[in-house]
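**Q** Before I ask anything, let me first share the structure, which is written out below as structure tokens.
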Amino acid sequence: MSLLRQGEAMAVHSSEEILSHLDQRPSATSFLPHAIPKYRFPVAETTSAAAYQLVHDELLLDGNSRQNLATFCQTWVEPEVRKLMDECIDKNLIDKDEYPQMAEIESRCVHMLADLWNSPEAANTQGCSTTGSSEAAMLCGLAMRERWQKRRRASGLPVGRPNIVCGPVHACWPRFARYFDVELRQAPCDGRRLLMSAEEAVKRCDENTIGVVPTLGVTYTLQYEPVREIALALDDLEEEHGLDIPIHVDAASGGFIAPFLNPALVWDFRIPRVRSINASGHKFGLAPLGCGWAVWQSARDLPEELVFRVKYLGGNMRTYALNFSRPGGPIVAQYYNFVRLGREGYTHITQGCAEVGRWFAGQIEKLGIFELIYDGRGGVPGCTWTIPRGDDPGFTLYDLADRLRVKGWQVPAYPMPPNCENLVVQRVLMRLGVSRDLSGLLFEDLQQAIKHLRRNPPAKPISRKDAGGYHH
């Protein structure tokens, strides 16, 4: 029996429920000769085969990750990546003295990304790997705060009220603001404007703004925010008021898409005001889970005060991270992908994903009951739709998402951020592994789900409050 209700946080359990189930034990079976407590530390030893079978069988209850169209994260890898991950299972990335070649591979990846993102000082670029884009974003946010504080202290000004400006963002930025005592100034959605505009960004800037964070691939709609327009508006702000405010680009997904799908789009280090970029290697970078990147345009953008020197592992190593020990396999796998695919391979893959996204958007439009919010062009591969305002097909998008789960599909439906929370959208992401054939099967199941809901209208449509949670 699961202790988790639909939509409840996965790792935070109710203490009352745990106490009531402390002595619950799976029944003994042919492979498990004795019962094992679920929430108490076992006393007896179990054979490896029995322990494996027990855990393996429980994992059968999880969904099929390939059918998860909610996640941006990669769910398919080549067999060679699995081999490399296995070969690196015992290697600690932080121990650069013991594993110098792994450290060299990490450094190569940083400079490859600097080249991909058009850094004018590629040889002088600073960067590091992280456990994901959220850690990378926080490291870049800390660097912005430190640079702002140094400038303020040098001018004899107070440093107690920093703020950061962003649009409808992924949860890592509200978390950064709360954890590191920075005011979050979010540009709200307004009517049909579901992204942060240049005007809205500048409106929220003042002398305490440590940076503006446009997102290259907004979680809600998959669209890119206008980085270049925001930079030009900040140039005008500096000229008029003397405020030199840097840009950090949250390119969690778009950083591994735009260079290949939209190379003419100027969003990266070609803009002098862009001082840092974060991206997820484990999303469209195609690495396994646990891989993120933070890259600063030059050494002066990463304050030396934030860099630690670790000596007790056998060498004098520089490190900048929120984590310490962590596996090196995802970084090695990332380098494998860079070598294996190159620009040509990544372009081929992202173009294929985008084509599937555009095809699916066209099919959604042909149904005639939905309004496209994003048609798969100019952003992250996929599409986003809603039920037109005033229409009532007899079911909600939450009902449709719930019905699709019967066939194993996770197609998220969720409300937009404040100011537009009455707008409920649904979206699909088309990653490597979501083929034209697989997306065709999804569309057939979506049509069947709509027919079922029309024939059997829910007595009580699923509401926002009762809907299951989806995470990016």
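**Q** Assuming a ≥ b ≥ c are the square roots of the Cα gyration tensor eigenvalues, decide whether the chain counts as rounded (a/c under 1.5), prolate (otherwise, with a/b larger than b/c) or oblate.
**A** oblate
**Q** Using heavy-atom solvent-accessible surface (probe 1.4 Å) with all chains present, what is the largest-first order of 73, 140?
**A** Most to least solvent-accessible, the answer reads 73, 140.
**Q** Report the calculated FRET efficiency for residue 421 and residue 175 (r = Cβ-Cβ distance, R0 = 22 Å), to the nearest 0.05. If you can, show how the numbers build up before the last one.
**A** On the way: r = 20 Å, r/R0 = 0.91.
Approximately 0.65, to the nearest 0.05.
**Q** Tally the DSSP beta bridges in the chain and give the antiparallel ones as a percent, rounded to 5.
**A** Expressed as a percentage, antiparallel bridges in the chain total about 65.
**Q** Continuing with the same structure: So which helices of the chain fit the span-like rule, where a helix is a whole DSSP H run, its Cα atoms reach 18 Å or more along the axis, and its mean Kyte-Doolittle is at least -1.0?
**A** Those that clear 18 Å and a mean of -1.0 are 100-116, 133-154, 227-241, 329-367, 436-455.
**Q** Sticking with this one: Relative to the Cα centre, what is the charge dipole magnitude of the range 271-356, using +1 at the beta carbon of each Lys and Arg, -1 at the beta carbon of each Asp and Glu, and rounding to the nearest 20 debye?
**A** With Lys and Arg at +1 and Asp and Glu at -1, about 240 debye.
**Q** Between residue 270 and residue 78, what FRET efficiency follows from the Cβ-Cβ distance if R0 is 30 Å, with the result rounded to 0.05?
**A** 0.40
**Q** I would also like to ask the following. Work out the charge dipole of the range 324-455 with +1 on the Cβ of Lys and Arg and -1 on the Cβ of Asp and Glu about the Cα centre, then indicate which of 432, 452, 341 is farthest towards its positive end.
**A** About the Cα centre, the residue reaching furthest to the positive side is 341.
**Q** Can you sort 99, 398 by solvent-accessible area, 1.4 Å probe, largest first?
**A** From most accessible down to least: 99, 398.
**Q** Sort the following peptides by mean Cβ neighbour count (other Cβ atoms within 10 Å, averaged over residues), highest first: 117-123, 351-357, 222-228.
**A** 222-228, 351-357, 117-123
**Q** How far apart, in nm, are the 7 Å Cα→Cβ label points at residue 192 and residue 52?
**A** Between residue 192 and residue 52, the simple spin-label model gives 5.8 nm.
**Q** Given a 1.4 angstrom probe, I'd like the percentage of the accessible area of the range 347-472 that is carbon and sulfur, rounded to a whole number.
**A** 47
**Q** Right, here's the next one. What is the set of long-range amide H partners of residue 126 at a cut-off below 5 Å, with H atoms built 1.01 Å from backbone N?
**A** Correct list: 296, 298, 299.
**Q** At a probe radius of 1.4 Å, what is the per-residue accessible area of residue 83, in Å² to the nearest 10?
**A** So the heavy atoms of residue 83 present about 130 Å² to solvent.
**Q** Here's another thing I want to ask about it. In nm, give the distance between the simple-model label positions of residue 438 and residue 121, each being 7 Å from the Cα along the Cα-to-Cβ direction.
**A** 4.2
**Q** On to the next question. Just the isolated ones, please: cysteines in the chain lacking another cysteine beta carbon under 4.7 angstrom.
**A** For the chain, the answer is 73, 88, 109, 128, 140, 166, 172, 205, 291, 353, 383, because their Cβ atoms have no other cysteine Cβ under 4.7 Å.
**Q** Here is a follow-up. Between residue 391 and residue 238, what is the label-point separation in nm under the 7 Å Cα-to-beta-carbon projection?
**A** Computed distance between label sites residue 238 and residue 391 equals 4.6 nm.
**Q** Would you mind working out the accessible area per residue for the range 257-346, using a 1.4 Å probe, and quoting it in Å²?
**A** 39
**Q** Something else now. Taking +1 at the Cβ of each Lys and Arg and -1 at the Cβ of each Asp and Glu, which of 252, 308, 72 sits farthest along the dipole of the chain towards its positive end, judged by Cα position relative to the Cα centre?
**A** 72
**Q** Project the alpha carbons of the range 56-102 onto their principal axes and report the range along each, largest first, in whole Å.
**A** 41, 25, 20
**Q** Need one word for the range 171-311: rounded, prolate or oblate. Basis is the Cα gyration tensor (sqrt eigenvalues a ≥ b ≥ c); a/c below 1.5 gives rounded, then a/b vs b/c decides.
**A** rounded
**Q** With the cut-off at 1.5 for a/c, could you classify the range 63-197 from its C-alpha gyration tensor as rounded, prolate or oblate?
**A** oblate
**Q** Give the calculated FRET efficiency between residue 407 and residue 324 to the nearest 0.05, with a Förster radius of 41 Å applied to their Cβ-Cβ distance.
**A** That gives a FRET efficiency of 0.45.
The values are calculated or read from the model by the stated rules, or taken from the named source; none is laboratory data. Keep in mind the model is a prediction, meaning the values are calculated, not measured. Glycine gets a Cβ as well: all are built from the backbone with ideal geometry, and neighbour counts include every protein chain shown. Accessible surface areas use protein heavy atoms only, side chains included; no ligands, DNA or RNA. Shrake-Rupley method; radii C 1.70, N 1.55, O 1.52, S 1.80 Å.
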